[in-house]
Each structure stands twice: as structure tokens, then as C-alpha cells.
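The values are calculated or read from the model by the stated rules, or taken from the named source; none is laboratory data. These numbers come from a predicted model, not from an experiment. Cβ sites come from the backbone with ideal geometry, for glycine too, and all protein chains shown count toward neighbours.
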Amino acid sequence: MLRIDGVTKSYRPGAPPAVNGLSLHVLPGEIYGFLGPNGAGKTTTIKMIAGLLTPDSGKISVGDFDVATAPVDAKRTMSYVPDDPELFDKLTGLEYLNFIADVYGVSQADRARRAGRLLEMFELQKAVRDLIGSYSHGMRQKLALTAAMVPAPRLLVLDEPMVGLDPRSAHLFKSLMNEHCSSGGSVFFSTHVLDVAERLCHRVGIINKGRLIASGTIDDLKRLQQVAAEGSSGDTTLEELFLALTSGSDSVGGAR
């Protein structure tokens with residue numbers, strides 16, 4: 001569903017790469033968590049997947065489409081939600097959802113059914129006719145996630161999707177991600193909430209200083225750490241694994 005092959009990105013000549021030779025793939029039906037310390041290159045990677053940044057080298061494909069050579073087709077295959085969604089303050093929530101549905105060519109019946117369910121789930125039915133400029137940060141996040149689901153994308157690309165969500169909405173959205181993958185879709189998301197990644201993800205990747213230093217199931221990473229620690233106990237948490245694998249890390253200049 002998503003394939004990243006040897007991707008490198010620097011923000012200025014001579015600077016250390018924000019992303020350095022990154023290769024990974026996300027399978028259909030899979031939730032892939034992308035983890036790393038601040039400045040490791042997570043958001044840079046996500047912006048390259050979304051087509052907002054151009055890699056210096058390497059290739060990114062979404063489904064059958066190369067993000068560089070078939071950008072519109074690739075973008076029609078996915079939905080992207082940044083960590084701080086910038087919506088159109090002068091539109092109502094409903095107008096924004098219809099705008100997104102028009103961009104993706106979603107029928108009136110499908111948009112009404114999908115949006116109606118999500119608005120009810122996130123308790124936005126009343127606010128959806130208000131201007132987005134009046135929304136709180138949490139309401140904006142819920143509207144952005146609703147808009148991302150309306151096209152029924154094959155791939156969801158999410159940068160810190162839980163930020164700003166209340167516990168109930170976060171729980172509901174986790175259920176939505178599982179449902180999305182059960183129907184054959186995929187999710188690629190970054191998060192700092194490691195217990196969520198541990199419970200939710202089929203696989204995780206850990207990026208540090210622009211390089212992917214570990215990738216696999218939680219059990220795969222635990223075995224990796226046990227070997228590195230010469231037979232440590234098997235009850236290691238993802239938080240402990242993360243800290244062990246990224247210990248002594250320094251942020252890369254220009255990485256975000």
C-alpha cells in the first residue's frame with residue numbers, strides 16, 4: 001500500500017539529512033506506527049508521502065502510483081491529516097466536508113452516510129453548521145479526521161492524530177482505524193503515545209537522526225532488544241524499547 005525506497009531529504013546544502021536512506025513498506029490491512037524522538041524526521045517523512053516535500057533521492061509509492069510522477073493519482077488514494085490541521089476558518093464544518101468530498105469525487109449519498117456517522121460519533125452534529133473559526137483545537141482535529149475518512153481512502157497518513165482529542169474521541173478513533181484496516185485499508189501514523197502504538201499497531205518503525213533503526217512487530221523489537229541486552233527479560237515495554245534504541249540521540253538539524 002505504501003512503499004518508501006531509499007528516500008533522503010536535506011533542507012539545505014551541506015546540512016545533515018533530515019531523512020537519510022529511509023526504506024519501509026506498509027501492507028494492505030496494516031496499522032503502522034512511526035516513532036522517533038523530536039527532530040528524528042517523522043514529519044519530514046510524512047510530508048514527503050503527502051507530496052508536500054520532494055525527496056532529494058529515492059522513491060515513494062502509494063498503491064500503484066509514484067508520488068513524484070503521478071501525484072494526483074497518489075493523493076486520490078490517500079488522506080492526510082497533519083498534527084495541527086489548518087482548516088478554512090470562513091467555512092462552516094459542513095461546507096468544508098463537502099469541499100473535501102467534491103475534491104475526491106465522493107457521491108452525495110456516500111458523503112452524507114459517511115460524514116453523518118462520523119459527526120455523530122464525534123458529537124459534531126450541532127457544531128457542523130458553525131464557522132470553523134469558532135471551533136476549539138479538539139473540534140478542529142475531529143473535523144479534520146472526519147474529512148479524512150469521508151473519501152474512504154485506501155491509505156490514511158496521520159501525524160500525531162490523537163493530539164487534541166478527548167479520551168472518548170481518541171478511543172472511538174482507534175476503533176475507526178481498526179475498522180478501516182479490517183476493510184483492507186492501511187494506516188501510517190506518527191505518535192508520541194507509545195502505549196497506544198503498542199496496543200494498536202501491527203508493526204512499528206523507529207526513526208532516529210533520519211535513519212530507520214528498527215522495524216517490525218512489537219515482539220520482533222523485543223527480541224531485538226533482548227539480543228542487544230544479552231538475554232534481558234521478555235516483559236520489556238515499547239517505552240523501554242524506544243528509550244533503549246534511541247538513547248543518546250541528538251536531533252538532526254532541520255529535521256521535524
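I want to confirm something. Restricting to the range 124-136 and keeping residues that are exposed (fewer than 15 other Cβ atoms within 10 Å of the Cβ) and free of Cβ contacts under 8 Å to residues at least 40 places away in the same chain, which single residue is nearest to the chain's Cα centre (by Cα)? Going through the qualifying residues, I end up with SER136. Taking the condition among the aliphatic types (A, V, I, L, M), touching a helix residue (DSSP H, G or I) at 6+ places or on another chain (Cβ under 9 Å) and within 20 Å of LEU155 (Cα to Cα), does LEU87 pass? Against the criterion (among the aliphatic types (A, V, I, L, M), touching a helix residue (DSSP H, G or I) at 6+ places or on another chain (Cβ under 9 Å) and within 20 Å of LEU155 (Cα to Cα)), LEU87 does not qualify. I'd like to know if the range 109-116 contains one or more residues that are out of contact with any helix residue (DSSP H, G or I) (no Cβ under 7 Å at 6 or more places or on another chain), touching a residue at least 40 places away in the same chain (Cβ under 8 Å) and of a type in the set (Gly, Ala, Ser). Scanning the range 109-116, I find no residue that is out of contact with any helix residue (DSSP H, G or I) (no Cβ under 7 Å at 6 or more places or on another chain), touching a residue at least 40 places away in the same chain (Cβ under 8 Å) and of a type in the set (Gly, Ala, Ser), so the answer is no.
The residues on offer are MET149, MET121, MET139, and the sole one that is hydrophobic (A, V, I, L, M, F, W, C) and within 21 Å of HIS192 (Cα to Cα) is MET139.
Applying the criterion of being assigned to a loop (DSSP other than H, G, I, E, B) and modelled with pLDDT of 90 or more to the residues of the range 191-212, the residue that is nearest to the chain's Cα centre (by Cα) is CYS201.
Which residue, of PHE88, PHE122, PHE99, is of a type in the set (Phe, Trp, Tyr) and under 24 Å from GLY184 (Cα atoms)? Give the derivation first.
Numbers: PHE88 fails: under 24 Å from GLY184 (Cα atoms); PHE99 fails: under 24 Å from GLY184 (Cα atoms).
Selected residue: PHE122, the only one of PHE88, PHE122, PHE99 that is of a type in the set (Phe, Trp, Tyr) and under 24 Å from GLY184 (Cα atoms).
This table checks each residue for (1) closer than 18 Å to MET121 by Cβ; (2) acidic (Asp, Glu).
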| position | (1), (2) |
| --- | --- |
| PRO153 | yes, no |
| HIS171 | yes, no |
| LYS174 | yes, no |
| GLU179 | yes, yes |
| GLY185 | yes, no |
| PHE189 | no, no |
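The C-beta contact set for the range 228-251 (first residue at pLDDT 80 or above, second residue not hydrophobic (A, V, I, L, M, F, W, C), distance under 6 angstrom, 6+ apart or interchain) comprises LEU238/GLU198; LEU241/GLN225; ALA244/GLN225; THR246/PRO37; THR246/ASN208.
Look at (1) assigned to a helix (DSSP H, G or I); (2) of a type in the set (Phe, Trp, Tyr); (3) crowded, with 16+ Cβ neighbours inside 10 Å and you find that PHE99 fails only one, number (3). Take MET149 and decide whether it is surrounded by 19 or more Cβ atoms within 10 Å (Cβ to Cβ), farther than 28 Å from GLU240 by Cα and in contact with a His (Cβ under 9 Å, 6 or more places away or on another chain). Judged against the criteria, MET149 is a match.
Would you pick out the residues in the range 173-184 that are out of contact with any strand residue (DSSP E or B) (no Cβ under 7 Å at 6 or more places or on another chain) and surrounded by 17 or more Cβ atoms within 10 Å (Cβ to Cβ)?
Correct list: PHE173, LYS174, LEU176.
The number of residues in the range 35-66 that are over 26 Å from THR217 (Cα atoms) and more than 16 Å from the chain's Cα centre (by Cα) comes to 6. Being modelled with pLDDT of 90 or more, of a type in the set (S, T, N, Q) and closer than 12 Å to LEU35 by Cα is a property that SER215 has.
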